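Chemist: Pasting a structure below so you can have a look.
Each value in this text was obtained by applying a stated rule to the coordinates, not by laboratory testing. Here the structure is a predicted model, which means the values were calculated and not measured. Heads up, the Cβs are rebuilt from the backbone with ideal geometry, glycines too, and the neighbour counts pull from every protein chain shown.
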Amino acid sequence: MTVRRGGAVEGSALPRWVLVPAAVGLLLFVLPLLGILSRVPWTQFVPLVTSDSSLAALELSLRTATASTVLCVLLGVPMALVLARGNVPGTRVLRSIVLLPLVLPPVVGGMALLWTLGRSGLLGPALSLVGIQVGFTTAAVVIAQTFVSLPFLVLSLEGALLTAGDRYESVAATLGARPGRVLVRITVPLVAPGLVSGAVLAFARALGEFGATLTFAGSLQGVTRTLPLEVYLLRETDPDAAAALSLLLVVVAVVVVVAVRGRRNVL
Amino acid sequence: MSLHVDVRFAPRDLDVTLDVATGEVVAVLGPNGAGKSTLLALLAGLLRPTSGQVVLDGTVLAAGPGTFLPPHRRGVGLLAQDALLFPHLDVVGNVAFGPRSAGASRAQARSRALDVLAEVGMAAFADRRPRQLSGGQAQRVAIARALAADPRLLLLDEPLAALDVGAAPEVRQVLRRVLGRGDRSAVLVTHEPLDALALADRAVVVEGGRVVEDGPVQQVLTAPRSRFAAQLAGLDLLPGTFTADGLRTPDGGLVTGLAGDGEGNGERVPGRPGVAVFSPSAVAVHVTDPGGSPRNSWVATVVDVSPRGEVVRVRARLDRLPGNDVLADVTVAAAAELDLAPGVTVHLAVKATAVRLHPTAGPPSDGERVPVR
């Protein structure tokens, strides 16, 4: 379906009744936004989002989301390359494993991490021996966020790699470029838009992470209490602050969507 | 000897032996799916042969599944149908990519790139982006990019096929110039006889993953031994086995004719395979049996009738030699008089003096293997 700027539907005719459920679906997204706006205490907005606890949560959120996005890029780019170009057996199984965190309830993911890396978890005692404590630290926040946002980067980049195909890479190789040079000079620049949108999506997912963080990292102010956790905590004690911080997260989400859409349009 | 190829690639049932002398340009002709692009991929190092070897200037590029030189260490350039210019680099950046990969400094690579761009007449476009170029311009830059890497062997995979009619001649001209210097071997895959004639010294016909014909371009196109080359040349070709009198076709019929150019009757050893080649204009079409000698005559069913200028070209399927279509050119008046239309049964005849009989090697069937030289 192609929609003209004026809104006229052209091309194959769409039954009109389709518009009704489509509109209902849209309202499901739009009405809650209005709900937030209706609860935001506008006169108090600035003091609320600049309170000590809000700023601590915001700073922690930005720091951990940035760190986990970097981790996602470092781990996800090689993963996407292996999936798209690796010629390794069992690619389908690998892809399913990568998809898992996407469909797993984040709370379950958090529990899984706790039972693996927590003090009494699978690897916990071994880590304790070398002096590493992961559970309920800022590092745990980053790990939880990476766990849930890595699939976004991998899938987005893998799609870009498959779309780009390997013909440019073949040409580069026949021109004498070693595989490392092909990767850095040809592959990565070709899929840069996919990489950027994947990283932005991963950042957004990390910023909004709640369930896995709460179960695996807990909720300590300044250490593990990120913005979503702060909102959840404030929802009864200080609904005004919760609404203000919610709006802040909405604004970040809108910026992310616009950024990703902007990249897509470049493609 | 520059390039020696003797490879098998099982997944595509390819088994090719080919030698290319230094500076020689060999055209590889063949129908779609014959294995031409697979052959180039094996030479470029994009595929690993099942067995056999590829040797270039004494360097073993591949030998069996064990020895395998990756593409970037082969010195084999590849020019595809699409220019495939790296979209994130400008024109000079594209051409400088090869020299840079070989370790040249930024300045050296740029000056080399500008030199080669000048050779293909694209120096003025050095700072353009690939998307600002026309198809022909992009392909000229791609040629420059391949040359700048200074390959010992250049592979061209239908380099003119994706260009529009206006752009093809200019690019063909550039290729003719860079290939005509005689200092670089090249393998040119094409399905265009004109390109083979303009650019290549020798033509090889590949059918069903086998080389079925190998000779000077002119000879392959005028005295074809393979069905595909006959189609390219617009000639009729029937396979058979030599007897004392001529060529026995699989249906038991006899074709008589003259020996091919430069071939004495001595090469027509009874029992050996061969082909009968004749021009569609030499084929007479009758609706009723003209009687007389059963030699050089066949009963056939018309499958297609198409006007071609002064004449009407009739394609007829031989009733007793299925799989063999014979083309016959008749005048427009004759076509109307005979009421030729698909499904009509006709009698075809051709004079012995209009038939050339060529010996071939291998079985006289489809996909026959005929290293003629």
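Chemist: What share of Cα pairs, in percent, lie more than 13 angstrom apart in segment B:30-80? Walk me through the intermediate numbers first.
Modeler: Numbers: 711 of 1275 pairs.
The calculated P(r) of segment B:30-80 puts 56 percent of pairs beyond 13 Å.
Chemist: Moving on. Rounded to the nearest 20 debye, what is the charge dipole size of the protein assembly as shown about its Cα centre when +1 sits on each Lys and Arg Cβ and -1 on each Asp and Glu Cβ?
Modeler: Result for the protein assembly as shown is approximately 1480 debye, rounded to the nearest 20.
Chemist: Now for a different question. Assigning unit charges at the beta carbon (Lys, Arg +1; Asp, Glu -1) and nothing else, what dipole magnitude in debye, to the nearest 20, does chain B show about its Cα centre?
Modeler: It works out to roughly 1220 debye.
Chemist: I would also like to ask the following. How big is the protein assembly as shown by the Kirkwood estimate over distinct Cα pairs, in Å?
Modeler: Working: mean 1/r = 0.0327 Å⁻¹.
For the protein assembly as shown, the Kirkwood estimate is 30.6 Å.
Chemist: Calculate the length of the line joining the C-alpha centroid of segment A:129-172 to that of segment B:284-304, in whole Å.
Modeler: Comparing the Cα centres of segment A:129-172 and segment B:284-304, I get a distance of 73 Å.
Chemist: I would also like to ask the following. If you consider only alpha-carbon coordinates, what radius of gyration and Dmax does chain B have, in Å?
Modeler: My reading of the Cα-based Rg and Dmax gives 24.0, 80 Å.
Chemist: I would also like to ask the following. Once Lys and Arg get +1 and Asp and Glu get -1 on their Cβ, which of A:Ser156, A:Ser246, A:Val130 lies farthest toward the positive end of the dipole of chain A?
Modeler: My answer, from the dipole projection, is A:Ser156.
Chemist: Something else: Over chain B, calculate the relative contact order: mean separation of alpha carbon pairs under 8 Å at least 6 apart, over the residue count, as a percent. If you can, show how the numbers build up before the last one.
Modeler: Numbers: 836 pairs, mean separation 58.0, N = 373.
Relative contact order here is 16 percent.
Chemist: Give the residue from B:Ala63, B:Ala34, B:Val205 lying farthest towards the positive end of the charge dipole for segment B:3-219; charges sit on Cβ (+1 for Lys and Arg, -1 for Asp and Glu) and the dipole is referred to the Cα centre.
Modeler: B:Ala63
Chemist: If you don't mind, there's one more thing I want to ask. Relative contact order for segment B:18-161: what percent, with Cα pairs under 8 Å and sequence separation of 6 or more?
Modeler: Working: 196 pairs, mean separation 38.3, N = 144.
Over segment B:18-161, the number comes to 27 percent.
Chemist: Under 1.5 on a/c is rounded, so check that first for chain A, then, if it is not, pick prolate when a/b is larger than b/c and oblate when it is not; a ≥ b ≥ c are the square roots of the alpha carbon gyration tensor eigenvalues.
Modeler: It is oblate, given that a/c is not under 1.5 and a/b is not larger than b/c.
Chemist: Beta carbons within 10 angstrom, averaged per residue: use that to sort the peptides B:108-119, B:133-144, highest first.
Modeler: Taking the mean over residues of other Cβ atoms within 10 Å, the ranking is B:133-144, B:108-119.
Chemist: For segment B:3-219, state the semi-axes of the equivalent ellipsoid (square roots of 5 times the eigenvalues of the alpha-carbon gyration tensor), sorted largest first and rounded to whole angstrom.
Modeler: 28, 20, 15
Chemist: Enumerate the calculated ³J(HN,Hα) couplings along segment A:69-83 in order (Karplus 6.51 cos²θ - 1.76 cosθ + 1.60, θ = phi - 60°), each rounded to whole Hz, writing x wherever the residue is Gly or Pro.
Modeler: 5, 4, 4, 4, 5, 4, 8, x, 4, x, 4, 5, 4, 5, 5
Chemist: Rounded, prolate or oblate: pick one for segment B:235-360, where a ≥ b ≥ c are the square roots of the eigenvalues of its C-alpha gyration tensor, a/c under 1.5 means rounded, and failing that, prolate if a/b is larger than b/c, else oblate. Don't skip to the end; give the middle numbers.
Modeler: On the way: a/c = 2.25, a/b = 1.84, b/c = 1.23.
Prolate, since a/c reaches 1.5 and a/b exceeds b/c.
Chemist: Ranking A:Val108, A:Val171 by Cβ neighbours within 10 Å, fewest first, what do you get?
Modeler: On the way: A:Val108 13, A:Val171 28.
So the ranking, lowest neighbour count to highest, is A:Val108, A:Val171.
Chemist: Kindly put B:Thr22, A:Thr226, B:Thr353 in sequence by how many other C-beta atoms sit within 10 Å of each C-beta, fewest to most.
Modeler: Values: B:Thr22 14, A:Thr226 30, B:Thr353 9.
The most exposed by this proxy come first: B:Thr353, B:Thr22, A:Thr226.
Chemist: Also: Gap in Å between the Cα centre of segment B:139-207 and the Cα centre of segment A:53-104?
Modeler: So the separation of the two Cα centres works out to 46 Å.
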